[in-house]
Structures are given as structure tokens and as C-alpha cells.
Amino acid sequence: MTNSSKTTADMLTRIRRYRDAKENSGLEKAHHFLFDRRLGPRNLEYYPVMAIGTNPGIGKRDYRGNGPQTEETSEFDLHREIGNDPNELSYSKKLFEVAGTQSIVQTEFFFWSSRGTGKSFSEDFGFDYSSIENLRHLEFCRDLNIELIKHHNPSHIIAVGLTHIVLLCALYGVSKHNRTIRSKCGKNHRIAELFSGEDGRKWVWVRHITGGKPALTVAEARQIKSELSL
């Protein structure tokens, strides 16, 4: 683990350069990217919990800020720039319930924003999320995320979204499945999968927090926290 603030600054520079490279045409059209975004206290050097999403969504409020090519990062957060407290977003509040803390650093499996991960993702970028064409982008993001994990050294990782769990577990070497958690709210649907990484770190894969059908409820988020004793 390092304690240099230049480490994450260098990572962000590499993401911007990758986005702007000719061979990655299309990424520069994304409204924003998300990486090393700090929730809760902003003055921590390291954050004990990391949350990784499938890729950033775009809400109506996002368009009130700068864009395209704006950011949700440790250096610039579009939500703060337009007067929104990221800690008050419904997505953040459910993350806090699962993690049991507000001290969370956020990143994404695919850094760049789109209107979704299905048809709208393909329309925005010209390829499917799980396609061969996207694999090199996912691998680039993986390599930066692994560096970010080493920097913050979180006790566990909350991975948001179950749709691409097989693909993403394989990319990140997360192979030891420990248990499935199902909702106790009368629906009995799957709300979380608990894995261990090669380094023994806990990976908690949860149903999508706001965009799932159905989305994870506050009660289910609290259930996950209770059952895992995070």
C-alpha cells in the first residue's frame, strides 16, 4: 500500500489519456467517467470499503453540470459542482446501509457513463457490454481498479449488479463462492452473492441498488449487512 497522493492522480491522468486516444474513439462522447470517487469524509487518505458499479448511469441532474468529458473523481465531482451532496443521493444511502459506513471509495468496472448496460449501452458506444469489442476496455479498467484496491487496501468490496457477475468474476480472479443471500421480504429473490478473491478479500455482489428490477430495498441492504457482519 502506498501513501502518495500522486498515485491516484497518475491513475486519473492515464484514464483521461486512454479516453482521448484515437483507437478508443467513442469513449470521449461519454458524459463523464467515475473513478476514485470519495463518499463520506473527504479528507481520508485511504477508504475501508470500496464499491464497484457496472458503469456510471446518467440522470437528469447530471446534465446540469459540465459535460461531456466531466468526472466523478477525487479531483472533480460533477455532483458537488452543481450543488448536490453525493452523500445524499439514494444510491449512496443504500451503499451506506450495506457497508455500515459512509467512508466508501467508488469506482466502476467500466469507467464511462451510459444510459444503461443493455440496448442503450450498445447505442452509446457501438458495442455490447459483454462483447469481445468491450473486453479490452474492461481489462484496462480492471488494471486501474486493481491499482486502486492496492492503494486503499479496503477490507471488502461491494460489487453492484448481478447481470455480468460471471464475466467480471473471471476478469478479477474472484472464484471462491461462499454463499447466496435471498431476500427475507417475502420475495425470496437473490439479493447478494458472497465471494472471496485470490487475496482472501471479501467481495459482496449485490442486486443493483437503484436500477434493478426490482432494485435493492433499504430493508434488503440492511439484511445483507446483518448477515455478513461487515
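The values are calculated or read from the model by the stated rules, or taken from the named source; none is laboratory data. Values in this document were obtained by computation on a predicted structure and should not be read as measured data. A quick note on method: Cβ atoms are made from the backbone with ideal geometry, for glycine too, and the neighbour counts reach across all protein chains shown.
Annotations
- The set of residues in region 101-155 that are among the hydroxyl-bearing types (Ser, Thr, Tyr) and either within 29 Å of GLU88 (Cβ to Cβ) or in a strand (DSSP E or B) (or both) comprises THR101, SER103, THR107, SER113, SER114, THR117, SER120, TYR129, SER155.
- When ASN134, ASN153, ASN145 are screened for being within 12 Å of the chain's Cα centre (by Cα) and not hydrophobic (A, V, I, L, M, F, W, C), only ASN145 passes.
- GLU220 meets the conditions (1) under 23 Å from LEU135 (Cα atoms); (2) buried (at least 17 other Cβ atoms within 10 Å of the Cβ); (3) among the charged types (D, E, K, R) in every case but one. The failed one is (1).
- The set of residues in region 3-27 that are over 24 Å from ASN43 (Cβ atoms), modelled with pLDDT of 95 or more and among the hydroxyl-bearing types (Ser, Thr, Tyr) contains only TYR18.
- Residue match in region 33-45 (condition: in contact with a strand residue (DSSP E or B) (Cβ under 7 Å, 6 or more places away or on another chain), part of a helix (DSSP H, G or I) and among the aliphatic types (A, V, I, L, M)): no
- Residue count, region 197-206 (criterion: within 20 Å of VAL166 (Cβ to Cβ) and exposed (fewer than 14 other Cβ atoms within 10 Å of the Cβ)): 1
- Boolean, LEU194 is in contact with a helix residue (DSSP H, G or I) (Cβ under 9 Å, 6 or more places away or on another chain), surrounded by 16 or more Cβ atoms within 10 Å (Cβ to Cβ), modelled with pLDDT under 90 and not aromatic (Phe, Trp, Tyr): no
- On inspection, ILE209 fails the criterion of being touching an Asp or Glu at 6+ places or on another chain (Cβ under 6 Å) and surrounded by 13 or more Cβ atoms within 10 Å (Cβ to Cβ).
- Output for region 156-200, where each listed residue is assigned to a loop (DSSP other than H, G, I, E, B) and touching a strand residue (DSSP E or B) at 6+ places or on another chain (Cβ under 7 Å): GLY161, LEU162, GLY173, SER183, ASN188, HIS189
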